[in-house]
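We did not get these values from a lab; they are worked out from the coordinates using the rules stated. Quick caveat, the model's predicted, so the values are computed rather than measured. Cβ placement follows ideal geometry from the backbone for every residue including glycine, while neighbour counts extend to all protein chains displayed.
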Amino acid sequence: MRIGRGGLRPDAVARRPPRTVIVPPIGVQSVEQPGIPPEGEVVLGSDLLGALAPITIRYGPGVYPLTDASRVTLRAVAAAGRLHGRGVDWGCGTGCLAIAAARHTAVRQVIGLDVVTANVLTARENVALNGMNERVAIVHADSYDPLDDGARPLLESLHGQVDFVVANPPASPADDGFSFRRRVVRDAARFVRDGTVFLVQISAQYGRERIHSLEAELPGLRYEGCAASTPWVAFDQTRPDLRYLLRAYAAHEDRGGAAYAFGDPRDPNAAQIDARAALAIYCEVGASPLSRWQVHEFRWRPPQAGGS
Ligand SMILES: C[S@@+](CC[C@H](N)C(=O)[O-])C[C@H]1O[C@@H](n2cnc3c(N)ncnc32)[C@H](O)[C@@H]1O
């Protein structure tokens, strides 16, 4: 099956909020998403990847499919011509980001890490399918810790040697949604070297305060700016995972957590609204709030050299 580049559907139909909240499994983002077949083959072309194209990605049931978040991260990786040396793809899923990053001529090696066995096996198949076995290795791991002892020497060889980290992490359902992003940078402490680049998928609704808060997770980390963004898109409340997250965000604000930042679906040019207001509007008129799929860039410098 070949799937074209899909856009998000407009969310024009008014809907009442569901009574049942569907909770995605802890630590692993829901793989069942409306409009995305549970298995298939996607050929990523030059419209997304420029000179890195083509890349063919196959996936089966239970494997994280390519989503809009995957695509904006692929776009950021493709545009990051400065990537070089050795890198890590945290939460590699199908392996799409690892394969794309390894297509940059100055990149020597990418290690893709994933905690789900089905993703690890699929990513390995995709690496072979795209002729990238020489440059990409896929490791079963919880964050940067290998779950397969045979991969330990490879991960240890990366200590202080990682030139870049790319990550499209899942939302963490048990808290403010942001814990996996914190882990991506915090757990990287023993791997970074002077100048390590982080390209992390962080959608706009998380808000500037949370994005900047990642600097505190890894001393020496500095925010560099937004590397890729979509225009406003619906934070689609017909998607079970996003429906769950909007309610979790509102509950987090109720407990005094930092506010989220959504676009107002009634007027995208109006001031941004928090999750509680976004949920209230959805309940009232059935319009999903707006966000932007984005990738943000950080760079690590040794704290003494960076003056912090
Ligand atoms: C949003 S998906 C992204 C997949 C792929 N990189 C992409 O962009 O399409 C997040 C991935 O993180 C993986 N993951 C979740 N928790 C993890 C952990 N603790 N360590 C490593 N990978 C993890 C999931 O299995 C999933 O494949």
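So here's what we get for this one:
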{"quantity": "Nearest-20 debye value, segment 31-113 charge dipole, Cβ charges on Lys, Arg, Asp, Glu", "calculated": "460 debye"}
{"quantity": "Crossing angle, helix 240-254 versus the chain [Cα axis fit, 0-90 degrees, rounded to tens]", "calculated": "80 degrees"}
{"quantity": "Footprinting exposure proxy for Asp163, Asp142, Asp254, Asp241 (fewest neighbouring C-beta atoms within 10 Å first)", "calculated": "Asp254, Asp142, Asp241, Asp163"}
{"quantity": "Alpha-carbon centroid distance for the pair segment 46-70 / segment 184-201, whole angstrom", "calculated": "24 Å"}
{"quantity": "GNM flexibility winner over the chain from Ala278, Ala106, Ala228 (Cα, springs under 10 Å)", "calculated": "Ala106"}
{"quantity": "Difference of contour (0.36 nm per residue) and Cα-Cα distance, Arg82 to Ala216", "calculated": "45.7 nm"}
{"quantity": "Label-point separation, Cys226 to Gln304 (7 Å along Cα→Cβ), nm", "calculated": "3.8 nm"}
{"quantity": "Cα coordinate range in the chain, projected on the principal axes (Å, largest first)", "calculated": "54, 52, 34"}
{"quantity": "Segment Asn269-Leu154, extension gain: residue separation times 0.36 nm, minus the distance between their alpha carbons", "calculated": "36.5 nm"}
{"quantity": "0 to 90° range, to nearest 10: angle between helix 68-79 axis and the chain longest Cα axis", "calculated": "40 degrees"}
{"quantity": "In sequence order, calculated HN-Hα J values of segment 92-99 (Karplus, 6.51, -1.76, 1.60; Hz; x Gly/Pro)", "calculated": "6, x, 6, x, 4, 6, 4, 5"}
{"quantity": "Size of charge dipole - the chain - debye, nearest 20, with Cβ of Lys, Arg +1 and Asp, Glu -1, no other charges", "calculated": "380 debye"}
{"quantity": "Spherically averaged projected area in nm², based on the convex hull that wraps the Cα atoms of segment 240-285", "calculated": "3.2 nm²"}
